[in-house]
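Note sheet for the following structure.
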Amino acid sequence: MQERLAGGWRAMQNRESRTWGIDGLLTEMRTQYGEDDASVGALEWRLRRSIQRNDLFAPDMNVPLDDLVAPGKCTVLQMDTLDRRDQQLITTVLLRQLYQERLDAMRGRESSIDFPLFA
């Protein structure tokens, strides 16, 4: 199951678009491993149950990272109305994206965050 998810994940990361959702990931896994693969079916159930159900992430409502952070500014996210798991999920995704953008900038690749960040 982990191999299926990793394969789909790598394929999605290699695409030009940086915004994609669960449906795209599942389509990619079905393309690679077949429509009747039991592990892909189990992953679909888990992904839809844990991520898609809570409406935290929607690829069509993407906020660019450079709208969230700016040089010399402090960004505060008010998440006290969310449960602990949702707070952790949002924080993990946001920090991972910021780290990747900074890594790209340091390696001379195209990046929307070309200034130092402190978290």
- Query: Inside the stretch 1-37, can you point out the residues that are under 30 Å from GLU101 (Cβ atoms), of a type in the set (Asp, Glu) and surrounded by 14 or more Cβ atoms within 10 Å (Cβ to Cβ)?
  - Reply: GLU28
- Query: Do we find a residue being in a loop (DSSP other than H, G, I, E, B) and open to solvent by 90 Å² or more (accessible area, probe 1.4 Å) anywhere in the stretch 82-101?
  - Reply: no
- Message: For the stretch 38-57, check the following and say yes or no: at least one residue is β-branched (Val, Ile, Thr), loosely packed, with under 14 Cβ neighbours inside 10 Å and modelled with pLDDT under 80.
- Response: no
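The values are calculated or read from the model by the stated rules, or taken from the named source; none is laboratory data. Fair warning: this is a prediction, and the values are worked out from it, not measured in the lab. Here the Cβ is made from the backbone with ideal geometry for all residues, glycine too, and neighbour counts use every protein chain on show. Areas reflect the complete protein model, heavy atoms only, side chains present, ligands, DNA and RNA absent. Shrake-Rupley method; radii C 1.70, N 1.55, O 1.52, S 1.80 Å.
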